[in-house]
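Peer 1: Okay, handing you the structure first.
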Amino acid sequence: MSQKHQVALIGAGRMGQIHGRNAARHPDLALRYVIDTDASPAGALAAQTGAQIATLSDALGDRAVKAVVVASSTDMHLEHSLASIQAGKAVLCEKP
C-alpha cells in the first residue's frame, strides 16, 4: 500500500471547506494542515478531517507536505500561490 501524499489547505471559508473535505476523502491524500486567519472555521474543518491548524510558514516548512490547495480570499491567491511554489510545493489554486 502506498503512503498518502500530505496536503495543506490555505483558507477554510466556503470553498476551503469543500476542497479540504475532498482532499481528506481522497484515498491517496491526507489533509495535514488547515491555515486560516479565522480560527473558528479552521478548527471546525481540522476537527472534521483529522488535520491540524497551522501557520502558513509552519505548513510550508514541513517537508512532508507535497502540495497546497489555495482557497484563501481571491486577493490573496497570488501571494499564497507564489509562497507555496517558492517552498517547492505543488499548488492547486481555487478560483471561482
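The values are calculated or read from the model by the stated rules, or taken from the named source; none is laboratory data. Owing to the predicted nature of the structure, the values given are computational and were not obtained by experimental measurement. Accessible surface areas use protein heavy atoms only, side chains included; no ligands, DNA or RNA. Shrake-Rupley method; radii C 1.70, N 1.55, O 1.52, S 1.80 Å.
Peer 1: So which of Ile85, Ile35, Ile53 is open to solvent by less than 30 Å² (accessible area, probe 1.4 Å) and hydrophobic (A, V, I, L, M, F, W, C)?
Peer 2: When all the criteria are applied, what remains is Ile35.
Peer 1: Which of the residues spanning region 58-90 are of a type outside the set (A, V, I, L, M, F, W, C) and not in a loop (DSSP other than H, G, I, E, B)?
Peer 2: Result: Asp58, Gly61, Lys66, Thr74, Asp75, His77, Glu79, His80, Ser81, Ser84, Gln86.
Peer 1: Now for a different question. Restricting to region 42-57, name every residue that is of a type outside the set (Val, Ile, Thr) and either farther than 19 Å from Cys93 by Cα or not in a helix (DSSP H, G or I) (or both).
Peer 2: Here is the first cut: in region 42-57, the ones of a type outside the set (Val, Ile, Thr) are 42-48, 50-52, 54, 56-57.
Matches in region 42-57: Gly43, Ala44, Ala46, Ala47, Gln48, Gly50, Ala51, Gln52, Ala54.
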